[in-house]
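The values are calculated or read from the model by the stated rules, or taken from the named source; none is laboratory data. This structure is a prediction, so every number in the text was calculated from the model and none was measured. Neighbour counts run over all protein chains shown; Cβ positions are idealised from the backbone, glycine included.
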Amino acid sequence: MLSPALQFVHQWVWSEPLFVLLVAAWFALLASEVETQRRIALLGLVAALLGLQRYVGILFVPLGLFALLLTRARWQPLMLYAFTASVPPGIWMVRNILLGYPASGLDRGAAYFSFSKATEAAILTGISWVPMLALVFVLGALTSVRFSRSLLVVCAYYVIGHTVFIIWSASSTSMDGPDQRLLAPVVVPLVYGMLALGGQMALLRQRKGLNGDHAKDEVVSV
């Protein structure tokens, strides 16, 4: 609620609020440890909706397979996720081609931004999030939140992949730059990361305090 990006996209009737909600749902499912076929199919369905909602949503197909590989999933869950996540966007791309359009839809034309300008816009957008992320870090330290390492790795890869995709798209075709609107979905994995970082700092402080108390006890016993 404190994120400038989320506040910005909810001021307008855009597709970003729904996309951000789907991103949050996908990561929440992943954080709950998808082990059953039903959960894997649901994870794939959310990924399919993300791919249909926005171009960048297609990243959740390889990202989900990577996440399942980190959990040492067998080939059956991988095939189930790949089928569920890729078939609906694939059908839509074939539909676009049959109508005489590019697979991604209409041709947007020449880009307004150079690669350097798009990168600069992305960096400035990220800097504007620092106060909000600092508050999330403090919240993580107070609550000692912990997440699995595999989830945090997936979060990091999505932040990088989404940001690079938006920068590349803005510098290669006619679309808005990497602003609060287009980078808003990145807030979700960043929140997971900052909560985990704050929780880790709290854990280290607790261990340091326990070691200090143990050392004092040894001195008193001597």
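Remark: pairs (first residue in the range 129-151, closer than 21 Å to A31 by Cα and outside any helix (DSSP H, G or I); second residue modelled with pLDDT of 90 or more and hydroxyl-bearing (S, T, Y); Cβ separation under 8 Å; 6+ apart in sequence or on different chains) = F147/Y192. Every condition in (1) under 17 Å from the mean Cα position of the chain (by Cα); (2) closer than 29 Å to Q180 by Cβ is met by P88 except one, and the failing one is (1). One residue alone among V187, V159, V164 is out of contact with any helix residue (DSSP H, G or I) (no Cβ under 7 Å at 6 or more places or on another chain), at pLDDT 90 or above and closer than 30 Å to R72 by Cβ, and that residue is V164. Being surrounded by 13 or more Cβ atoms within 10 Å (Cβ to Cβ) and within 17 Å of the chain's Cα centre (by Cα) is true of T125.
Of the helices (runs of 4 or more DSSP H) entirely within the range 1-74, those holding at least 1 residues that are modelled with pLDDT of 85 or more occupy 16-31, 37-53, 60-70.
Please enumerate the residues belonging to the range 141-172 that are in contact with an Asp or Glu (Cβ under 8 Å, 6 or more places away or on another chain) and not hydrophobic (A, V, I, L, M, F, W, C).
Of everything in the range 141-172, just one residue is in contact with an Asp or Glu (Cβ under 8 Å, 6 or more places away or on another chain) and not hydrophobic (A, V, I, L, M, F, W, C), namely S148.
In the range 158-177, the residues that are crowded, with 16+ Cβ neighbours inside 10 Å form Cβ pairs under 8 Å with partners that are part of a helix (DSSP H, G or I) and among the basic types (K, R), at six or more places apart or across chains, as follows: S171/K117; G177/K117.
With respect to (1) surrounded by fewer than 16 Cβ atoms within 10 Å (Cβ to Cβ); (2) more than 19 Å from H162 (Cβ to Cβ), the lone exception for L42 is condition (1). Evaluation of Y112 against the conditions (1) over 21 Å from the mean Cα position of the chain (by Cα); (2) surrounded by fewer than 16 Cβ atoms within 10 Å (Cβ to Cβ); (3) free of Cβ contacts under 8 Å to residues at least 12 places away in the same chain shows that the sole unmet condition is (3).
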